[in-house]
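The values are calculated or read from the model by the stated rules, or taken from the named source; none is laboratory data. Predicted, not measured: the structure shown is a model, and the values here were computed from it. Please note: Cβ atoms are built from the backbone with ideal geometry, for glycine as well, and neighbour counts cover all protein chains shown. Side chains included, ligands, DNA and RNA excluded: accessible areas come from the protein's heavy atoms. Shrake-Rupley method; radii C 1.70, N 1.55, O 1.52, S 1.80 Å.
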Amino acid sequence: MEKNKKNFKIVGKPIVRQDGVTKVTGKAKFAADYNFPNELQSVMLRIHSSHALIKSIDFSCIENDSNVAAIIDHRDIPGDKKVGVIKKDQPIFCSEKVVTPGDVIAMIVGKSERELIKIKDKIKIEYEDLPVLTDPSKSLETDAPLIHPEYKSNLIVHYPLRKGNVDSGFSNSEHILEQTYTTQNIEHAYIEPECVTAIPQIDNSIKIIGSIQNPHTTRRIVAAVLGISLSQVVIIQADLGGSFGGKDDTMNILSARAAVAAIKTGRPVKIKYSREDSILESYKRHPYVMHYKVGYNSSGKITTMKIDVTADGGAYASMSPFVTWRTVVQATGPYEIENVWTDVKAVYTNNPYTGAMRGFGSPQPIFAQESIMDEIAERLGMNPVEIREINALKQNSVTSTGQRLENHEVTLTKAMKTAIEKTGFVDKWNNYRNQSLDKSNFILSGEDLILSEDKFISRQDKLRRGIGLSISLRGCSLGAEGIDAAAALVAVQPDGSVYLLSGLAENGQGLRTTYSIVAAEILGIATDKIIYLEQDTSRIPDSGPTVASRATLMGGGAFRNASEIIQKRITNLLLNEWQLDKEAELIFEDSMIKHIASNKSIEFTEACSFASQRGINLSVVGWYKGPDVSWDEEIGQGSAYFTYVYGCHVAEVSVNINTGEIYINKITAVHDAGKIINILGAQGQVYGGSTQGAGYAVWEEIDKHNGFIREMNFDQYLIPTSKDIKSIDAIFIEGEDDYGAWGAKSLGEPTLELTAGAIANAVKNATGKRYFNLPLNLEEILLNRKLRPEDMKRGSE
Amino acid sequence: MKITFKLNGENVSIEVESYKRLIDMLREDFELTGTKEGCSIGECGACTVLMDGKAVNSCLVLAAQIDGAEILTIEGVNQGNNLSDLQRNFLTHGAVQCGFCTPGMILSSLALLNENPNPTVEEIEESIAGNLCRCTGYKQIIEAVKATAEMSNQKLRNQSA
Amino acid sequence: MIPELKILRPEKLIDLLDLIAPADGATRILAGGTDIIPGFHINSKRFSSIRKLVETVKIPEMHEIKEEDDSVIIGSSVTFSELINSELINTYFPLLVKAVSKIGSVQIRNRATIAGNFVNNAPCADSVPPLLVYNAEVEIANKNSTRKVLLNDFLEKPYKTQLKDSECVVRIILKKIDKTFTGDFYKLGRRRGVAISRITLAVILKKENNIIKDIRIASGAVTPIGMRFTELENDLIGKEITPELLVSSSQKLGKNVLDVTGLRWSSVYKVPVIQRTFYNLLENICLD
Ligand code: FES
Ligand code: FES
């Protein structure tokens, strides 16, 4: 079998998604669309506090209410009362303490949600407020109150990375630049809020159907909480209305609550969240504070970087240890730097907790590192392209973790060149820059509220155009973060139709279609002959989570493996039947199997029925395991990921310097995601990811006051609409790689991580002013800070 | 209270609770679960249906308010067993990812095309500005609507030729 | 949560007025519902006493836009979409069209009504500034009588108007204005598509030989309620349009806004920006 096939029949073509028809007709079933006879509804019980000791709870006034089927709290949990991927710090129901406003103390279930809401407030809870920690830097002070006293510290994790010698690096550098950058909390904002139903089965097992990102993880958590074996828990993934990393921990916990209640009542129990519930309780993207110190020479060569990053982990550890691990690997960006000293810490606060979100620890440092690269260029009189060309990782370069990039094509500069040629970057950048030089009169002092004459800007001068770019490398899949393998079932039926089932769950991005294409390509059939089975944990091995943009790479590899085994079995059968040489090659295409030289051929369907008569098994579970990676925790050195992808975004913006509004005119996104399997799906990833990235740059922020979120719904939390980004251009360069299915790698996250950095650089190009804090909202642009209602009370005005 | 209205082309009458919104009645009483709920306050558009031909958020209309009206939901958009051109274009242009926003998007686009067979890109953007999509970045949706307008204009030209 | 409700649908205005006459605090008029229904969802105190809703949908005079000799009458339950599509409104009151086309989404504009926008007197009611510069009058009826007041007087303070529980806004009356007026409306939101306004401004102006003959200025969102700036208007009448005048009047507007709002947390942004946007608005009106 050729390793890197070139003439694809289906791969790379626009293929309509498998589940499309049900989605355009309203027939697709999302979690809230399932109803079961006798089903109970539920409401959560919370208190209005970010940090409190629970003293007593009195349920007596509702206990006998006919609307209440059961009250569920920590006492009802037979197994693990606390869960978490690394640290088991998150209670299913809080019993002693509440550490963030989303925390749930108990759940009431009953026939009617309305009636439950009406009586919920009758429950009397006595609690004592504790000091609230909202600033991660304060959490690490020695006298800070402990959020989880059992851990003796508010530090969740600390990753060091040490390469070369930064002290001599700095003393030998001709210039040094130091800057601090901050980023905000971000909501996943999947349009479908969380929903799950647990259905008790007669054999004492439990079935769960919900908006679940990673069914196998959910199964593990539910089994642990119920204290039963994995095989007694069956998780079915409903059609998922978006996830972006967000329907993991939250859904595991909701599933566990529903399961406990279902067992207690013997009836199906549904938990269906409103948008407000969802924003209140679900985890967010980490806010980062990033301090960069960079040593460089007049030639433009960067020699040394010292980076200190603090991530706000919020109330629970969740995925913070994995998210911040990616940060430590990628904090220096796609640059080859001799001396590096990086510390990344995640810490507990009483803020909403933070975990996995598309990007996973990379959008933050990319904003910082791409901003500082432009600043260095500026100081040296270079343009953004020149400084990057000098420092960018190339074939055989060594990364900051000491890994030599040799086993795949390093396409970083190719991606950048493609983007700058396509956009005419350098000319535009120079023109816009000359325009904006020396015109900083738009900035407000924050003191003189009545403007002096020179602060008025005429209508023809108020719009400033700018262009900016950013580049990245991204480690594919889990890396040294976890065990990396995936399973795939391909079952060819006697009539030539095919069932597929993946151990990796569809998240709405179109995985099923991608996998169908891989199988169809190898078996030489059309994708409409392929039926994708519902995700069900009882039928396929755990393949790890659909995270880290690993699904195409790992799952694609597994489907290629299974399909090739089947292809081999059919080939052997036919070679034997046609009395051909054992080494002869058969062509599988257009639903036919042919041997060219002997002019022999057979329809695929016939071959399948023949195989079944001969007792040949055409159901195969394929397996793909990533190559081993190595990692030295102490110094952060090793081959962190087995392969990487590269990309470049160019953003073109207009800034209204009278008001601080930013308009996104165009994003040009160039990605090397390896081989593209489905061009429609790949473009969709780029458009969707860049749009989320633009939201991150300009509009989106979960702002908190004392741990309480202000933006509880989409009227306040502003994600981009159809009118906010004028145009997006998606360009793919397909670098060579041996891994996965013909070198098809990762795309979902790279599309998001680059956008904010490019926009920030474009805004600088437009206004002449550098911004250090996301999001670049109206006040940030004009006043260089955020405005918050409590500023007044603190007397800072 | 009892209300009578036209639902996807059929006359129906139902006894409905006063506190139910149109979306609740559609999903619970008629089991038409294609209409989705994403925010409950009129911001996301996932619950969009057509009321007397106009796009409305069914989370902002009480069931009682539609007495005598004509309602079209996603379940009524198909032409018999066939997909409409708009639905098919959503598929072929990659306008569907997770699909949660899709029913609302299709109904908003349909209302636009019924009123304005030749929309500009700006008009399409405006017509779906109240339909949030977190997956697609809207571009392929806009292309699908544009393509549908072009197809129907082509059909008209063919008829008159 | 939406309470158990009694929903009534009178067919005549007088029946509607009868139904609200008891003024029991539990009865409210329901037009589009785009404010009340999400208000129930977030358990807003403003709506917590409601137990009875009286719909306006069947009452013809509340839904029509009609022309009279010197005025245009807009039924209080006319939706934003109907206003946008009305030739009459486009001809005589273009700023109103401009303002309401920027409210919410198509779905909202298909339901939300003109009176619904201002009866709650929320600061961010975008139809208010243009209605104020057009000197809109509001016709209010109760069971026994009808009265007319200027919208400017009707809006008393944030979330409070002259309207009594037993009363209903039936129509809005706009006097056609002199064709020589030109004007513009400005809205600043945080996002291009569907955003709550941070600042709105409406200005109409009549000039002759570069002299301001008449000017009317109104703001929304940035002031506690939508309001006119009559002092500034009077000050400008008779003045020659010069670059200096544009600057100084913008500064004056800023001072006026600051006087009304006092120093708030958002003042450091909003007060300077309203001066700049007003300045650009004046450029649009005066220099073209
Ligand atoms: S659910 Fe109705 S607009 Fe969001
Ligand atoms: S396709 Fe997922 S929200 Fe639009």
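Can you give the alpha-carbon Rg of segment B:85-160 over 2.2 N^0.38 Å, where N counts its residues?
That ratio works out to 1.04.
Would you mind pulling out the separation of the Cα centroids of segment A:413-468 and segment C:122-148, in Å?
Result: 43 Å between the Cα centres.
Hand me the chymotrypsin sites (Phe, Trp or Tyr not before Pro) from segment C:1-94 located in a DSSP loop with no more than 14 other Cβ atoms within 10 Å, in residue order please.
none
Per 0.36 nm of contour for each residue apart, how much would the distance between A:S445 and A:N172 grow if the chain were fully extended, relative to their Cα-Cα spacing?
Working: separation 273, 0.36 × 273 = 98.28 nm, distance 3.89 nm.
Result: 94.4 nm gained on full extension.
Counting only protein heavy atoms, probe 1.4 Å: which residues of segment B:107-153 lose 30 Å² or more of accessible surface in the full assembly compared with their chain by itself?
In segment B:107-153, residues shielded by partner chains: B:E125, B:E126, B:A129, B:G130, B:L132, B:R134, B:C135, B:G137, B:Y138, B:K139, B:Q140.
Once neighbouring chains are kept in place and the probe is 1.4 Å, which whole percent of the accessible area of segment C:119-234 is contributed by carbon and sulfur?
Percent of accessible area from carbon and sulfur atoms in segment C:119-234: 45.
With θ taken as phi - 60° and the coefficients 6.51, -1.76 and 1.60, list the Karplus ³J(HN,Hα) couplings across segment A:553-563 in order, rounded to whole Hz; mark glycine and proline as x.
Whole-Hz 3J(HN,Hα) from phi for segment A:553-563: 5, 6, x, x, x, 5, 5, 5, 4, 4, 5.
Per-residue HN-Hα couplings for segment A:591-596, Karplus 6.51 cos²θ - 1.76 cosθ + 1.60 at θ = phi - 60°, whole Hz, x for Gly and Pro?
6, 10, 10, 10, 10, 5
Provide the FRET efficiency to the nearest 0.05 for the C:M1-A:N706 pair, computing r from the beta carbons and using R0 = 25 Å.
Details: r = 27 Å, r/R0 = 1.06.
The formula returns an efficiency of 0.40 here.
Would you mind working out the accessible area per residue for the protein assembly as shown, using a 1.4 Å probe, and quoting it in Å²?
Each residue of the protein assembly as shown exposes 35 Å² on average to a 1.4 Å probe.
Based on the mean of other Cβ atoms within 10 Å per residue, sort peptides A:491-497, A:524-530 so the most packed one is first.
A:524-530, A:491-497
Separation between the C:N210 and A:N576 pseudo-spin-labels, each 7 Å from Cα along Cα→Cβ, expressed in nm?
The modelled label-to-label distance comes out at 10.0 nm.
Let's see if you can work this out: charge +1 on each Lys and Arg Cβ, -1 on each Asp and Glu Cβ, no other charges. What is the dipole magnitude of the protein assembly as shown about its Cα centre, in debye to the nearest 20? Let's see the in-between values first.
Values: 141 positive and 155 negative charges, 37 e Å.
With Lys and Arg at +1 and Asp and Glu at -1, about 180 debye.
Between helix B:139-160 and chain B, what is the angle of the helix's C-alpha long axis to the longest principal axis, kept within 0 to 90° and rounded to the nearest 10?
Computed tilt is about 70 degrees.
Need one number: the % of Cα-Cα pairs in the protein assembly as shown sitting beyond the 50 Å mark.
30
Based solely on its DSSP helices, what 222 nm [θ] is calculated for chain B when runs of n ≥ 4 H residues each add -39,500 (n - 2.57) and the sum is averaged over all residues, nearest 500 deg cm²/dmol?
After summing the helix terms and dividing by the residues of chain B, the value is -10000 deg cm²/dmol.
Based on the Cβ-Cβ distance from A:H291 to A:K29, what FRET efficiency comes out when R0 is 51 Å, to the nearest 0.05?
For A:H291 and A:K29, the calculated efficiency is 0.60.
Evaluate Rg over Rh across segment C:1-75, taking Cα atoms for both radii and Kirkwood's formula for Rh.
So for segment C:1-75, dividing Rg by the Kirkwood Rh gives 1.06.
Cα centroids of segment A:112-191 and segment A:589-618: how far apart, whole angstrom?
Distance between centres, Cα-based: 60 Å.
Pick out, from B:G76, B:Q65, B:I41, the residue whose Cα sits farthest towards the positive end of the charge dipole of segment B:2-76, with +1 on the Cβ of Lys and Arg and -1 on the Cβ of Asp and Glu.
After comparing all options, I get B:I41.
When the helix-only estimate is applied to chain C (DSSP H runs of n ≥ 4, each -39,500 (n - 2.57), divided by the residue count), what is the mean residue ellipticity at 222 nm, nearest 500 deg cm²/dmol?
-9500 deg cm²/dmol
Considering every pair of different Cα atoms, what Kirkwood radius, in Å, is found for segment B:2-76?
Values: mean 1/r = 0.0837 Å⁻¹.
One decimal place: 11.9 Å for the Kirkwood radius.
Treat each spin label as a single point 7 Å out from the Cα along the C-beta direction, and report the A:D738 to A:L140 distance in nm.
4.1
Sequence-distant or interchain residues sharing an amide H contact under 5 Å with C:D214, placed H: which?
Amide H to amide H, under 5 Å and 5 or more residues apart or across chains, C:D214 pairs with C:K206.
To the nearest Å, what is the center-to-center distance of segment A:1-68 and segment A:695-756, using C-alpha atoms only?
22
Could you please tell me the mean projected area of the C-alpha convex hull for segment A:628-770, averaged over all directions and given in square nanometres to one decimal?
Values: hull surface 49.9 nm².
That works out to 12.5 nm².
Can you give me the long-range amide H partners of B:L62? Hydrogens built in the peptide plane at 1.01 Å from N, cutoff under 5 Å, separation of 5 or more residues or another chain.
B:L22
Place a label point 7 angstrom from the Cα of C:S166 along the Cα-to-Cβ direction, then list the residues of segment C:1-40 whose backbone nitrogen is under 18 Å away.
Backbone N within reach: C:13-29.
Have a look at A:W699, A:T552, C:A115 and report the one farthest towards the positive end of the charge dipole of the protein assembly as shown, computed about the Cα centre with Cβ charges (Lys/Arg +1, Asp/Glu -1).
Projecting each Cα onto the dipole axis, the largest value belongs to C:A115.
How well do other chains shield peptide A:442-453, expressed as the mean number of their Cβ atoms within 10 Å of each residue Cβ?
On the way: counts 1, 0, 6, 2, 4, 1, 3, 12, 10, 10, 2, 6.
Rounded to a whole number, the mean comes out at 5.
Going by amide H atoms built from the backbone, whose H comes under 5 Å of the H on A:M592, apart from near neighbours?
Amide H neighbours of A:M592, under 5 Å, 5+ apart: A:F604.
HN-Hα J couplings of segment C:239-256 from phi, Karplus 6.51/-1.76/1.60, θ = phi - 60°, integer Hz, Gly and Pro as x?
So the Karplus estimates, Gly and Pro as x, are 7, 7, 6, 9, x, 5, 5, 4, 5, 5, 6, 5, 4, 5, 4, x, 4, 4 Hz.
If you take the accessible area of B alone, add that of C alone, and subtract the area of the pair, what total do you get in Å², probe 1.4 Å, to the nearest 100? Don't jump to the answer; show the numbers that get you there.
On the way: alone 8620 and 14120 Å², together 20560 Å².
Interface between B and C: roughly 2200 Å².
Please state, to two decimals, what the Cα-based radius of gyration of segment A:216-275 comes to when divided by 2.2 N^0.38 Å (N = residues).
Dividing the Cα Rg of segment A:216-275 by 2.2 N^0.38 Å gives 1.13.
Points 7 angstrom from Cα along the Cβ direction at A:Q395 and A:Y151: gap in nanometres?
Computed distance between label sites A:Q395 and A:Y151 equals 4.5 nm.
If R₀ is 35 angstrom, what is the calculated FRET efficiency for the pair A:Q460 and C:K255, using the beta carbon separation as r and rounding to 0.05?
It comes out at approximately 0.85.
By how many degrees, 0 to 90 and rounded to 10, does the Cα axis of helix C:267-287 deviate from the longest principal axis of chain C?
70
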